[in-house]
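Below: one structure, written as structure tokens.
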Amino acid sequence: MGYTKEDIIRMVEEEEIEFIRMQFVDIFGQMKNVAITASQVEKAVNNQIMFDGSSIEGFTRINESDQCLYPDLNSFTIFPWRPAQGKVARLICDVYNPDGTPFVGDPRGVLRRVLKRANDMGFDTFNIGPELEFFLFETDEQGHATTKTRDEAGYFDLGPLDHGESTRREVCMNLEQMGFEIEASHHECAVGQHEIDFKYVDAMDGADKIMTLKLAVKTLAQKNGLHATFMPKPIYGIAGSGMHLNMSLFKDGKNVFFDESGERQLSQTAYSFIAGLLEHVSGFTALTNPLVNSYKRLGAGYEAPRYKAWSASNRSTLIRIPAVRGQTTRVELRSPDPSCNPYLAVAACLAAGLDGIARGLTPPPEITDNVYEMDDEVRAARNIHALPETLEDALEAMEQDELIMDVLGEHVARHYIKGKMKEWREYQTRVSSWELDKYLVTY
């Protein structure tokens, strides 16, 4: 049961909501919004809110700038962290052109197109269960972010060691008020690092929820005098932050990855999905790991997956199959990090898996031993290859993967590669503190 336009108008009035944030996402995964007053709600639900697309990176040129926001009515929710007076609600929107056609640069549209591909192949639901890790740092006297933490806790530790625990708990309580089902919330292995996992939901709702979770974490951390970051590798020498992505595919209400009589109780469909992911992972790594900094997490050990291999239990591989079976059988991809645009990342993963199914691909043999403990010769002999080592390598691999370029479409692919190459070149020409420490005195 979804909301109707009349439901939204009534709730805005009954709840005495004063502002509505019309949210959408740019191609780099940054949340944008147009804030409207409650008096504009009727225009909003009738798709009549316009904005200037030329001011959003990767959207439109200045001579074709007007764009429309079409709200997803089921995304309506009130921000529980706002005061009871002056309530603020939000609607997540699709971006359309003034002529009523979907805008090709809208990341939600990219995911919607791949979900339609899955439907056309006979699958009715694609579920995702993301596990988001993040750091909570202290702020200085001016309120600026630092990388300091008073936290001495370790993996799964409880307070009083864990100073971020109360903020994490507040985030979970707020998210539950917004309709999330939080499955787990705990301290991660690094100092100041936390994880929140919500129950699997269908892919579009899941991508929306990732964006909402990030907003909630940052907002509530700031309210408590902390800074939350989803940067993949903020501190050298300790674990980075990942966003492991659990995926399952359904047909006629049944999980098609489960086969009671199959090897490891996995179906041929599951094996083909795994093979598709492995075939295209280099091509979509620029989407799942979109920052220069992402590759410092992938290349540094600490259980960060770097090698293209799969296993039923081995945490050093890229793809793991958690032990549960039946309706909750799932494939866990361990490479993504939480800085990604979830719509593009999920779209690419699904498209890769569907390609594996359509072509009947078979994955290579399972790797049960620790990939990190093998030397290069052993890995080469067992045909275990590494992911791209830098953002530049990942962008080159993406350009060479026809499937991923087709998933993005010409507009998104062109703007994404152009923006990310600019980021890479800026990084290459910037003088780092490491270089100063290493060379300034010696040379």
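The values are calculated or read from the model by the stated rules, or taken from the named source; none is laboratory data. The structure displayed is predicted, hence computed values, not measured ones. Virtual Cβ from ideal backbone geometry, glycine too; neighbours counted across all protein chains shown. Quick note on the areas: whole protein, heavy atoms, side chains included, nothing else; ligands and nucleic acids left out. Shrake-Rupley method; radii C 1.70, N 1.55, O 1.52, S 1.80 Å.
Place +1 on the Cβ of every Lys and Arg and -1 on the Cβ of every Asp and Glu in the chain, take the dipole about the Cα centre, and give the residue among Ser166, Tyr427, Thr317 whose Cα lies farthest towards its positive end.
Value computed over the given set: Tyr427.
Considering every pair of different Cα atoms, what Kirkwood radius, in Å, is found for the chain?
23.0 Å
Looking only at Cα atoms, what is the convex hull volume of region 197-291 per residue, in Å³?
156 Å³
So what's the back-of-envelope 222 nm ellipticity for the chain, counting only DSSP H runs of four-plus at -39500 (n - 2.57) apiece and dividing by all residues, rounded to 500? Intermediate results must be reported in sequence, preceding the final value.
Working: 12 runs with 157 residues, N = 443.
-11000 deg cm²/dmol, from helical runs alone.
At most 15 other C-beta atoms within 10 Å and a DSSP loop state: those are the exposed GluC sites (Glu not before Pro) I care about. Give me the longest piece of the chain that has none.
304-388
Just in region 333-440: which trypsin sites (Lys or Arg not before Pro) are loop by DSSP and have at most 16 other Cβ atoms within 10 Å?
Within region 333-440, the qualifying trypsin sites (Lys or Arg not before Pro) (loop, at most 16 other Cβ atoms within 10 Å) are Arg359, Arg382, Arg430.
Using the crude model of +1 on Lys and Arg Cβ and -1 on Asp and Glu Cβ, and no other charge, please compute the dipole size for the chain relative to its Cα centre, in debye to 20.
220 debye
Specify which residue in the list Leu333, Tyr295, Ala348 is farthest towards the positive end of the charge dipole of region 236-353, using unit charges on the beta carbon of Lys, Arg (+1) and Asp, Glu (-1), about the Cα centre.
Final value for the positive-end residue is Tyr295.
Farthest toward the dipole's positive end in region 1-142, which of Leu132, Leu91, Leu69, given Cβ charges of +1 (Lys, Arg) and -1 (Asp, Glu) about the Cα centre?
Going by the charge dipole, the pick is Leu69.
With the cut-off at 24 Å, tell me which of the pairs Lys32/Lys422; Lys43/Lys199; Lys214/Lys308 have Cα atoms farther apart than that.
Too far apart for the 24 Å limit: Lys43/Lys199; Lys214/Lys308.
So what is the relative contact order of region 1-47, in percent, for Cα pairs below 8 Å that sit 6 or more residues apart?
Relative contact order here is 37 percent.
When the convex hull of the C-alpha atoms of region 252-382 is computed, what volume per residue in Å³ does it have?
Taking only Cα atoms, region 252-382 has a hull volume of 119 Å³ per residue.
For Cα pairs less than 8 Å apart in space and 6+ apart in sequence, what is the mean separation divided by the residue count of region 1-124, i.e. the relative contact order in percent? All intermediate terms of the calculation are to be shown ahead of the outcome.
Details: 205 pairs, mean separation 31.1, N = 124.
Taking the mean separation of contacting Cα pairs over the length of region 1-124, I get 25 percent.
If contacts are Cα pairs under 8 angstrom and at least 6 residues apart, what is the relative contact order of region 295-383 in percent? All intermediate terms of the calculation are to be shown ahead of the outcome.
On the way: 92 pairs, mean separation 22.9, N = 89.
Relative contact order, region 295-383: 26 percent.
Express the accessible area of the chain per residue in Å², computed with a 1.4 Å probe while the remaining protein chains stay in the model.
46 Å²
Please compute the alpha carbon radius of gyration of region 167-249, then divide it by the globular-protein estimate 2.2 N^0.38 Å. Two decimals is fine. Working shown, then result.
On the way: Rg = 13.1 Å, N = 83, 2.2 N^0.38 = 11.8 Å.
Dividing the Cα Rg of region 167-249 by 2.2 N^0.38 Å gives 1.11.
Ratio of alpha-carbon Rg to the 2.2 N^0.38 Å globular estimate for region 350-442, to two decimals, please.
Normalised Rg, Cα atoms only: 1.53.
Roll a 1.4 angstrom probe over the protein heavy atoms and tell me the percent of accessible area of the chain that is carbon or sulfur. Before the final figure, lay out each step's value.
Working: 9930 of 20370 Å².
With neighbouring chains kept in place, the figure for the chain is 49 percent.
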